1. So if R0 is 22 Å, what FRET efficiency would ARG134 and ILE91 give, r being the distance between their Cβ atoms, rounded to the nearest 0.05?
2. Let me see the pair-distance distribution of the chain: every alpha carbon pair, 5 Å bin width, integer percents in order.
3. Loop only by DSSP, 16 or fewer other Cβ within 10 Å of the Cβ. Give me the chymotrypsin sites (Phe, Trp or Tyr not before Pro) in segment 1-98 that pass, ordered by residue number.
4. Got a sec? Charge dipole of segment 3-184, +1 on Cβ for Lys and Arg, -1 for Asp and Glu; which of LEU53, MET171, PRO121 is way out at the positive end?
5. How far apart, in nm, are two points set 7 Å out from the Cα along the Cα-to-Cβ line at LYS113 and at LYS168?
6. Would you kindly state how much longer the chain becomes between HIS83 and LYS102 on full extension, computed as 0.36 nm times their sequence separation minus their alpha carbon distance, in nm to one decimal?
7. Just subtract the alpha-carbon distance of ILE120 and LYS190 from 0.36 nm times their residue separation and send over the number in nm, one decimal.
8. Filter the chain for me: DSSP H helices, axial length by Cα at least 27 angstrom, mean Kyte-Doolittle hydropathy not below -0.5. List them by residue number.
Amino acid sequence: MAAVEFAVYNLLGVFHKYSAKEGDALTLNKTELSTFLLQELPCCYRDDAMVLLDLDGDGEVDFLEFIEFITEITTELQDMYIHTILNYKRIPKFGAQTLTEKAIVTLIKVFYKYAGKGGIPLSLETRELRKLLRKEMPTLHSCLEDKNNVPEVLRSLDSNRKAGIDFKEFMAFVANFAVAVEFTFVNLPKPEEGD
């Protein structure tokens, strides 16, 4: 499976693994969130995590809030990655142990596998993003190509109008893809009893 899609599916799986433990299967309550953080992202565990992640104040973390948190963590880790390269002239090694950590590391590595090849450092130019989509997000790429929407999507991603997609814009794109996959997953028809 393509790396970005695999990372997104792993994040979906992890979210549902912990959200299904008690109560609403589509949200993380305080206990489920604490368990998730302790087991998947121990470096991010905080007693007040619910307050920080529950953006709408309903006492639970839904998938949108979860993926926004993952986006922030991934972007912060990517900033440290670039800082280490620029200041210490070495590529840092990631010690990813859990599925969540591996998904985060995969997203960073995939971005830099394609970024900067065409001349704009730390950004994906149109050609690079097309190649990334084709190789690492083939499901989405085929949908966009079928509808001739790739140029429009590329323009919409470049929020700072620098003729390239930076990591933060890339992560926003991945988060939107993850939300769309989650919506599809949640709204799949349930099999009839006896099927």
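1. 0.30
2. 1, 7, 14, 19, 19, 15, 12, 8, 3, 1, 0, 0, 0
3. TYR45, PHE94
4. Among LEU53, MET171, PRO121, the one farthest towards the positive end of the dipole of segment 3-184 is PRO121.
5. Between LYS113 and LYS168, the label points sit 2.6 nm apart.
6. 4.8 nm
7. Length gained between ILE120 and LYS190: 20.5 nm.
8. 63-88, 167-186
Read the figures in this text as sums done on the coordinates, not as results from a lab. In this text, all values refer to a predicted model and were calculated from it rather than measured experimentally. In this analysis, Cβ positions are derived from the backbone assuming ideal geometry, glycine residues included, and neighbour counts consider all displayed protein chains.
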